[in-house]
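**Student:** Can you read through this structure? Questions will come right after.
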Amino acid sequence: MTNRINTRTGGALALLLVAVLGAVALLYARPVALATPPAESVRSINQTELRMHLEFLASSELGGRYTLSPGINIAARYLASRLASYGFRGAAGADNSFMQRIQLVATHPVPAKTTLALKLKGQEKNYSYGDFVTNATASGTATGSLVFVGYGISSAAQKYDDYRGLDVKNKIVVVAPGTPKGVDSSRLSEAEEEEEAARAHGAAGVLFLPPSYRAVDMRKPDYKERIMNRDRVRLAAKAHAEIPMMTLTPPVADALLAPLGTTLDQLLKTTDAGGPLESKPIDGTAQLTLSLEAAEAVTQNVVGILEGTDPKLKSEYLAISAHYDHLKTDVRGEIYPGADDDGSGTAAVLNIARAFSLQRPARSVLVIFHTGEELGLLGSEYNADIAPVVPLDRIVANLNIDMIGRSRPAGDTDASNSELSDANSIYLIGADRISRELHKLSEQTNAEYEKLRIDYRYNDPNHPDLYYFRSDHWNYAKHDIPIIFYFDGVHADYHKPTDTVEKIDFEKMTRVSRLVFETGWRIANLDHRLMKG
């Protein structure tokens, strides 16, 4: 906004500005009439229906619904057949299929040939796969001196550049996790951070330090065994030339940071708070060697549309989403059922879809079951960035459900459940990031109907767990679509074979699912689009 107004038109512009601001103020101040959710539709969301869906989705026969497994295809067919029975039409492709096909490139490191050598203050040490991991999808090598580049962000738009004054050409850059205060991470483009920023400045390779939540997982005794069985997957449509990159485990990170006089834990205390970091050379060199086996694969989102009743508003869409994939069966044959993650969200969205079909709203409803979330939000990335099934500017909001089935019992002292919400609580993330009107509507709806305790701790932009970026809503939010993410919190069974149906709190799951429907019903029947800002 400028403080200067052209002297010839200033009076008219000022009057217009006052009028516009006054109208906006009245909109936020005046209670907006919100549609009443149909009682029959609300009642149709119930424990019996939710349990029926979840017991199938989390069954051993589906093997955990891994993105590259036959089990996810069975799950997709189940979801599509249910949507069809509710009166939804397929939304993908010229033939209006429910299956939005997605081409992938899957790679797997050859452990014996994927190595890291660090030479620090004249002392050389070699590391094998498991001491580090990689999301790279191409083999390659890189050798060079080391440079710590802070958060690794280079954004002219936000007047922030960790690379300012540094020469990193043909060198290995070391990147810390997180975002500094004063930088809006949700407004950073891919070119302004991490690998792309390093490449743009001529770096030969990248060594990432793990964020707090990932460092915790890396310190678990079974981490190395689990990582050996994990594929690295990217969208074929986004495949491009890469520079070698690795993410270090905490012990290797500590060794690398020692010449800077710090440790990973000390660094994370700063980055978790968005504190300043000083970019500087590290006394040492690194050699990164990646040897990857690659294969093509196909998966699918499941997408359906229920047409709205209003002749004009039906061209706009309320999107409701969950990811229906989970994790790969491990080398011992143990299945990861994913009852809560995200069988609970998938079952909820299916039941919500049925509720909308009993009485259709003014706007159309777009139901999206995303694939590949566990592999890096791939399904939502494809739909948002590559081939949207509807124009993104027609989506008025995305309500995303990822884990709503668990609750922490009173008196539970398990530290692994310390962040799990109780039977009367749920975490909401993102409602006010793009549209304060959405946040207000959400709050009012909960106060009138479900009366859950809404916890916003993870909505803090500086929260170190970064949940705003860790589920499928993010790929819509980055396109300025208002979102809400419903989440029960990480628990002792998260990403374990013990995430099973018998541990689900179906009463809580029902209440949260009804809240999502009631909120969605009101959004889909508003006489205006949600206001931004």
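Every number here is computed from the coordinates shown, using simple stated rules; none is lab data. Everything numeric here is computed off the predicted structure, so don't read it as measured data. Heads up, the Cβs are rebuilt from the backbone with ideal geometry, glycines too, and the neighbour counts pull from every protein chain shown.
**Student:** Counting only GluC sites (Glu not before Pro) that sit in a DSSP loop (anything but H, G, I, E, B) with at most 15 other Cβ atoms within 10 Å, what is the longest stretch of the chain containing none of them? Each step should come with its number before you reach the end.
**Tutor:** Numbers: sites that count: Glu278, Glu307, Glu334.
Within the chain, the longest run free of exposed GluC sites (Glu not before Pro) spans 1-277.
**Student:** Give the residue from Leu166, Val252, Val233 lying farthest towards the positive end of the charge dipole for the chain; charges sit on Cβ (+1 for Lys and Arg, -1 for Asp and Glu) and the dipole is referred to the Cα centre.
**Tutor:** Toward the positive end, the furthest listed residue is Leu166.
**Student:** Angle check, please: helix 47-57 long axis (alpha carbons) against the longest principal axis of the chain (alpha carbons), in degrees 0 to 90, nearest 10.
**Tutor:** Its long axis makes an angle of about 40 degrees.
**Student:** Same structure, new question: Give, in nm to one decimal, the length gained when the segment between Asn424 and Gln444 is fully stretched (0.36 nm per residue of separation minus the Cα-Cα distance).
**Tutor:** Numbers: separation 20, 0.36 × 20 = 7.20 nm, distance 1.69 nm.
Net length gain for the segment: 5.5 nm.
**Student:** Under the Karplus relation 6.51 cos²θ - 1.76 cosθ + 1.60, θ = phi - 60°, what is the ordered set of whole-Hz ³J(HN,Hα) values for segment 454-463, x standing for Gly and Pro?
**Tutor:** Values, residue by residue: 8, 10, 10, 4, 7, 7, 4, x, 9, 5 Hz.
**Student:** Decide, for the chain, between rounded, prolate and oblate: order the square roots of the alpha carbon gyration tensor eigenvalues as a ≥ b ≥ c, take rounded if a/c falls under 1.5, and otherwise choose prolate if a/b is larger than b/c, else oblate.
**Tutor:** Taking the square roots of the gyration eigenvalues as a ≥ b ≥ c, the chain is oblate.
**Student:** Across segment 302-310, in residue order, what do the Karplus-derived ³J(HN,Hα) couplings come to in whole Hz, using 6.51 cos²θ - 1.76 cosθ + 1.60 with θ = phi - 60° and x for Gly and Pro?
**Tutor:** Computed from phi, the couplings for segment 302-310 are 10, 10, x, 10, 10, 5, x, 8, 8 Hz.
**Student:** Tell me the angle of helix 345-358 to the major Cα principal axis of the chain, expressed in degrees between 0 and 90 and rounded to the nearest ten.
**Tutor:** Approximately 20 degrees, to the nearest 10.
**Student:** Here's a follow-up. How large is the charge dipole for segment 111-290, taken about the Cα centre, if only the Cβ atoms of Lys, Arg (+1) and Asp, Glu (-1) carry charge, to the nearest 20 debye? Kindly include the intermediate steps, with their values, before the conclusion.
**Tutor:** Values: 22 positive and 22 negative charges, 52 e Å.
Once rounded to the nearest 20, the dipole reads 260 debye.
**Student:** Please work out the FRET efficiency for the pair His479 and Lys159, using the Cβ-Cβ distance as r and a Förster radius of 35 Å; give the result to the nearest 0.05. Walk me through the numbers before you get to the answer.
**Tutor:** Numbers: r = 23 Å, r/R0 = 0.67.
E(calc), rounded to 0.05, equals 0.90.
**Student:** Let me ask something additional. Please state the shape class of segment 433-490: rounded when a/c is under 1.5, otherwise prolate if a/b exceeds b/c and oblate if not, all from the C-alpha gyration tensor. All intermediate terms of the calculation are to be shown ahead of the outcome.
**Tutor:** Details: a/c = 2.05, a/b = 1.31, b/c = 1.56.
Taking the square roots of the gyration eigenvalues as a ≥ b ≥ c, segment 433-490 is oblate.
**Student:** What is the magnitude of the charge dipole of the chain about its Cα centre, with +1 placed on the Cβ of each Lys and Arg, -1 on the Cβ of each Asp and Glu, and no other charges, expressed in debye to the nearest 20? Before the final figure, lay out each step's value.
**Tutor:** Working: 58 positive and 66 negative charges, 230 e Å.
That gives a dipole near 1100 debye.
**Student:** Classify segment 417-533: rounded, prolate or oblate, from the alpha-carbon gyration tensor (a ≥ b ≥ c, eigenvalue square roots; a/c under 1.5 rounded; otherwise prolate if a/b is larger than b/c)? Mind dumping the intermediate values first?
**Tutor:** Working: a/c = 2.04, a/b = 1.37, b/c = 1.49.
Oblate, because a/c is 1.5 or more while a/b does not exceed b/c.
**Student:** Separate question: Please work out the FRET efficiency for the pair Glu296 and Asn462, using the Cβ-Cβ distance as r and a Förster radius of 35 Å; give the result to the nearest 0.05.
**Tutor:** On the way: r = 40 Å, r/R0 = 1.13.
Efficiency, from the Cβ-Cβ distance: 0.30.
**Student:** Does anyone have the angle between helix 436-448 and the longest principal axis of the chain? Alpha-carbon axes, 0 to 90°, nearest 10?
**Tutor:** Value to nearest ten degrees: 60.
**Student:** Can you compute the FRET efficiency between Ser85 and Asn170 using 1/(1 + (r/R0)^6), with r the Cβ-Cβ distance and R0 = 45 Å? Round to the nearest 0.05. If you can, show how the numbers build up before the last one.
**Tutor:** Details: r = 59 Å, r/R0 = 1.32.
Given R0 = 45 Å and the Cβ-Cβ separation, E is 0.15.
**Student:** Now a separate question. So which trypsin sites (Lys or Arg not before Pro) in segment 148-237 end up in coil per DSSP with only 16 or fewer other C-beta atoms within 10 Å? Don't skip to the end; give the middle numbers.
**Tutor:** On the way: sites: Lys159, Arg164, Lys169, Lys171, Lys181, Arg187, Arg199, Arg214, Arg219, Lys224, Arg226, Arg230, Arg232, Arg234; in loops: Lys159, Arg164, Lys169, Lys171, Lys181, Arg219, Arg230.
When the trypsin sites (Lys or Arg not before Pro) of segment 148-237 are filtered for loop state and at most 16 Cβ neighbours within 10 Å, Lys159, Arg164, Lys169, Lys181, Arg219, Arg230 remain.
**Student:** Would you mind checking which residues have amide H under 5 Å from Glu193's amide H? H placed 1.01 Å from N; only 5 or more apart, or other chain.
**Tutor:** Ser154
**Student:** Kindly provide log₁₀ I(q)/I(0) values, in the same order as q = 0.13 Å⁻¹, from the Debye equation applied to equal alpha-carbon scatterers of segment 111-290.
**Tutor:** -0.63
**Student:** Further, regarding this structure: Please give the Cα centre distance for segment 418-482 versus segment 265-305, rounded to the nearest Å.
**Tutor:** Centre-to-centre distance over Cα atoms comes out at 25 Å.
**Student:** If you average the C-alpha positions of segment 153-201 and of segment 81-113 separately, how far apart do those two centres end up, in angstrom?
**Tutor:** What the calculation gives is 33 Å, centre to centre.
**Student:** While we're on this one: In nm, to one decimal, how far is the Asn229 label point from the Asp184 one, both placed 7 Å along Cα→Cβ?
**Tutor:** So the label points at Asn229 and Asp184 sit 4.3 nm apart.
**Student:** Report the full-extension gain for the segment Ala237 to Asp414: residue separation times 0.36 nm, less the Cα-Cα distance, to one decimal in nm.
**Tutor:** Details: separation 177, 0.36 × 177 = 63.72 nm, distance 4.34 nm.
Length gained between Ala237 and Asp414: 59.4 nm.
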